[in-house]
Amino acid sequence: MSRNGEVELLKKQAALEAVALVEDGMIVGLGTGSTASYAIEALAQRVKGGLKIQGIPTSRRTAEQAERLGIVLTDFSMHRLIDLTIDGADEVEVRSLNVIKGLGGALLREKIVAAASKKLIIVVDERKMVDRLASHTPVPVEVIPFGWQVTAERLANFDCQPKLRLNEKGEPFISDGGHYILDCAFKPIDRPAELAQQLDTIIGVVEIGLFIGLAKLVITAKETGVEFLSCK
Ligand code: 5RP
């Protein structure tokens, strides 16, 4: 099997383990990205088998997939608290379970859903586990389009070379919330909670892709087996 095929299998394994933790009657947060999409497929299978849940999607893309597969959707007008959310991540810091999210562009809704969840389960393959965040991926920062150049300059003071994310047509990528995304290439981050607090104060920043203290369980599929890491 190709390396890509192996990685897809690992993502599926992690997703399946998380979906096994969903119980009847739960309100379930539905993540975004390729790993989360395997979880939605598996959840839909369980729904076909009689499981009764309602999902709150973290993106339009996820909402479309879930509806197509027969998962009943709900929203925050009906439920303020989510029992369990299953989502992917771009990087997970092993010692803290802090994560980077947002390469798929859904970080704002993902963070709102994560923060409203009793339990956030992150599902990843082993390539995502790092000693320090920003080892391999930039930190996505969602910003208001108006004056984004000024916001980018403020972010650049943190030595991270913000880059406006573009779509396949070469135009600015627009998030579900109607915002731009600046991908910020930090050097590996020593104190992510401190950095997150500082970035949050920049005017024009809507949300940052550093998820601090939100993940309760990280399920990592490795070639040697599946690992469960809980937050202490
Ligand atoms: C989307 C995300 C995704 O969860 C993250 O990018 C991981 O995606 P994938 O499972 O496809 O690697 O944060 O905004």
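In deg cm²/dmol, rounded to 500, what helix-only [θ] at 222 nm does the chain give when every DSSP H run of at least 4 residues adds -39500 (n - 2.57) and the total is split over its residues?
Helix-only estimate at 222 nm: -9000 deg cm²/dmol.
By how many nm would the segment from Lys52 to His136 lengthen if fully extended, with 0.36 nm per residue of separation less the alpha-carbon distance?
Answer, rounded to one decimal: 26.4 nm.
Of Gln149, Val22, Ile174, which is farthest along the charge dipole of the chain in the positive direction, counting Lys and Arg as +1 and Asp and Glu as -1 at C-beta?
So the residue we want is Val22.
Under a Cβ-only charge scheme (Lys and Arg +1, Asp and Glu -1), can you give me the dipole magnitude of the chain about the Cα centre, in debye to the nearest 20? Let's see the in-between values first.
On the way: 28 positive and 31 negative charges, 55 e Å.
Charge dipole of the chain: 260 debye, to the nearest 20.
Using alpha-carbon pairs under 8 Å, 6+ residues apart, how would you state the relative contact order of the chain in percent? Please list the in-between numbers first.
Working: 492 pairs, mean separation 50.3, N = 232.
Value for the chain: 22 percent.
Run the quick spin-label model on Glu67 and Arg127: label points 7 Å from Cα toward the beta carbon, then report their separation in nm to one decimal.
Spacing of the two 7 Å Cα→Cβ label points: 3.2 nm.
Go through Lys52/Lys232; Lys111/Lys169; Lys52/Lys222; Lys11/Lys119; Lys12/Lys163; Lys111/Lys216 and tell me which ones have a Cα-Cα distance over 22 Å in this structure.
Cα-Cα > 22 Å for Lys52/Lys232; Lys111/Lys169; Lys52/Lys222; Lys12/Lys163; rest within.
Between Ile203 and Phe158, 0.36 nm times their residue separation minus their Cα-Cα distance comes to what? Don't jump to the answer; show the numbers that get you there.
Details: separation 45, 0.36 × 45 = 16.20 nm, distance 1.44 nm.
Taking 0.36 nm per residue and subtracting the Cα distance, the gain is 14.8 nm.
Assuming R0 = 25 Å, what is the FRET efficiency of Arg95 and Asn4, from their Cβ-Cβ distance, to the nearest 0.05?
0.30
For the chain, what is the percent of antiparallel DSSP beta bridges, rounded to the nearest 5?
So the antiparallel bridges amount to about 50 percent of the total.
Over the Cα atoms of the range 88-181, what Rg and Dmax result, in angstrom?
14.3, 39
Restricting attention to the chain, give the cysteines that have no other cysteine Cβ less than 4.7 angstrom from their Cβ.
That list is Cys231.
In nm, give the distance between the simple-model label positions of Asp24 and Arg80, each being 7 Å from the Cα along the Cα-to-Cβ direction.
Calculated label separation equals 2.9 nm.
Bear in mind that the values in this text are calculations on the coordinates, not laboratory data. In this text the structure is predicted, and so the values were computed from the model without any measurement. Neighbour counts are summed over all protein chains in view; Cβ atoms, including those assigned to glycine, are modelled from backbone coordinates with ideal geometry.
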